[in-house]
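Before any comments, here is the structure.
The values are calculated or read from the model by the stated rules, or taken from the named source; none is laboratory data. Because the structure is predicted, anything quoted here is derived from the model rather than measured. Heads up, the Cβs are rebuilt from the backbone with ideal geometry, glycines too, and the neighbour counts pull from every protein chain shown. We work out accessible area using only protein heavy atoms, side chains counted, and drop any ligands, DNA or RNA first. Shrake-Rupley method; radii C 1.70, N 1.55, O 1.52, S 1.80 Å.
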Amino acid sequence: MEVKIPENRVIIDNTEYSVDYLEGIHPGGDIFIKAFAGRDASEAFLSYHRRPFPHKEYGNTPIIPQNTQNSDYLELCDIVNKVLPIYKSFAPPSYYIKLFIILSFTFGLEFYIHFTQQYVWYLTAPLGLFIAWTGLNIQHDANHGAISRHFMVNRLLGLTQSWIGGSACIWIHQHVVQHHIFCNDVIRDPDMEGSILIKFNPNAPEAHQYLYQHIYFLGVIALYGFTVVKDSVYGLLCGVYFTPISPYLNVHMNLDLVFSALFLVRWVALPLYLVPSTNTIWSIGIMYAVAGYYLSFFFILSHNFSETRNYSPSSKESFLYKQVTSSSNVGGPWLCWFNGGLNYQIEHHLFPRIHHSHYPKIAPLVREFCAGKGIPYKHFDTIYENVVSTSLYLYNVARTTGIKK
Ligand SMILES: [Zn+2]
């Protein structure tokens, strides 16, 4: 039975630390500590710092000997750290040119549309694309703390998630606290939840419509952007996203609520006040369909493919094994440049605080290491191959009940 962790405590290697204490000593800012309040952050610490937690420095002896529990992961960290030391893992100067271009278009196009009152698809659709690139190339790295060693830079750029209709806090709770740690866990990964139209989770009940999801998933993913806005607002107001959100995050969630209200003013109230027409509604819908389609298309491919593994809370495999076998890679460096490295999903899940521009460099090391350990490492050469494999997974999962091992 899982032991309930007090709300004001964080567990690392079965050792309790007070949230207030960790916040005071954490150089990466308070938001990650707050997000993990009342939870076990052992694997989060390991994957963000690529070294064991220094319990002795804080007068504690870990109850579980750390180096035996995740020895394979720490072995890989040693290899990666030699090629890419921690202090060089953040964004290179050239990344800031890409950041500047994406943000210029994201803010500039929006301003132009409102200023000229041209709520037309041929302006809103490209804006949708830049919203997706903001999500993939900026907010994702920033909210993982991977852009800069200065946490305020990450925090500021992480707020782009709140600007584009989501919420930085909800995203950290959903993605960092839950999805990354429990990837493809049929009980604990919110990304396995699916919907009335899509079943990802083999444990979810069967339904007639799912029998065709391997075909229609390429259409319904356009709805993803709308669900992000809806779920973010609900999470901020109710304090729940799949699981209860740490109350310590409330102080940051208030800011996200202001952003959400602003988003609804920017993309609902203002356009309908300036140009009240169905064309306005359609054009704004297209913007969010484009953004949502681009984002969800690549999200789905990376964890739902025919050879993927699902896990449960009782799975005994190591952190490294679970992360590698529940993710897949596709393409190479050019797709990495456009998609913020999320096509190197395996490396991203192993090392979420390494900036995406470094993934092409470390991927061959990870692949070779996994081959040596006999860990399945899935790389698709083309997006087409990945889509076919995802379609096969969706076909099978629609006809499955129980974990596919
Ligand atoms: Zn991530």
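I need a count of the residues in segment 29-53 that are part of a loop (DSSP other than H, G, I, E, B), open to solvent by less than 30 Å² (accessible area, probe 1.4 Å) and either over 15 Å from residue 9 (Cβ atoms) or of a type in the set (A, V, I, L, M) (or both). Going through segment 29-53 one residue at a time, the tally reaches 4.
Restricted to segment 201-217, and to residues there that are within 22 Å of the chain's Cα centre (by Cα) and modelled with pLDDT of 95 or more, the residue that is nearest to residue 304 (Cα to Cα) is 201. Based on what the data block shows, is residue 317 assigned to a loop (DSSP other than H, G, I, E, B), more than 16 Å from the ligand (Cβ to nearest atom), open to solvent by 10 Å² or more (accessible area, probe 1.4 Å) and among the acidic types (Asp, Glu)? Considered against the rule, which asks whether it is assigned to a loop (DSSP other than H, G, I, E, B), more than 16 Å from the ligand (Cβ to nearest atom), open to solvent by 10 Å² or more (accessible area, probe 1.4 Å) and among the acidic types (Asp, Glu), residue 317 comes out as yes. Scanning segment 342-368 for residues that are within 15 Å of the ligand (Cβ to nearest atom), touching a residue at least 60 places away in the same chain (Cβ under 8 Å) and open to solvent by less than 10 Å² (accessible area, probe 1.4 Å) yields 349, 350, 351, 352, 354, 355, 356.
Is it the case that some residue within segment 281-302 is crowded, with 20+ Cβ neighbours inside 10 Å, within 28 Å of residue 35 (Cα to Cα) and in contact with a Cys (Cβ under 9 Å, 6 or more places away or on another chain)? Within segment 281-302, not a single residue is crowded, with 20+ Cβ neighbours inside 10 Å, within 28 Å of residue 35 (Cα to Cα) and in contact with a Cys (Cβ under 9 Å, 6 or more places away or on another chain).
Cβ separations smaller than 8 Å between residues 6+ apart or across chains give the following pairs from segment 369-386 residues that are over 15 Å from residue 318 (Cβ atoms) to residues that are open to solvent by less than 60 Å² (accessible area, probe 1.4 Å) and of a type in the set (Phe, Trp, Tyr): 371/377; 378/305; 380/305; 386/305; 386/380.
Scanning segment 4-25 for residues that are β-branched (Val, Ile, Thr) and open to solvent by less than 60 Å² (accessible area, probe 1.4 Å) yields 5, 10, 11, 12, 15, 19.
Quick check on this structure: which one of 159, 84 is open to solvent by less than 20 Å² (accessible area, probe 1.4 Å) and touching a residue at least 12 places away in the same chain (Cβ under 8 Å)?
Selected residue: 84, the only one of 159, 84 that is open to solvent by less than 20 Å² (accessible area, probe 1.4 Å) and touching a residue at least 12 places away in the same chain (Cβ under 8 Å).
Annotation: of all residues in segment 196-208 being farther than 30 Å from residue 42 by Cβ and open to solvent by 60 Å² or more (accessible area, probe 1.4 Å), the one that is nearest to the ligand (Cβ to nearest atom) is 197. Annotation note: of 189, 141, 231, the sole residue that is of a type outside the set (Gly, Ala, Ser) and without any contact (Cβ under 8 Å) to a residue 60 or more places away in the chain is 189.
Within 16 Å of the ligand (Cβ to nearest atom) and part of a loop (DSSP other than H, G, I, E, B) - does that describe any residue in segment 321-334? Looking for residues that are within 16 Å of the ligand (Cβ to nearest atom) and part of a loop (DSSP other than H, G, I, E, B), one finds at least one in segment 321-334, hence yes.
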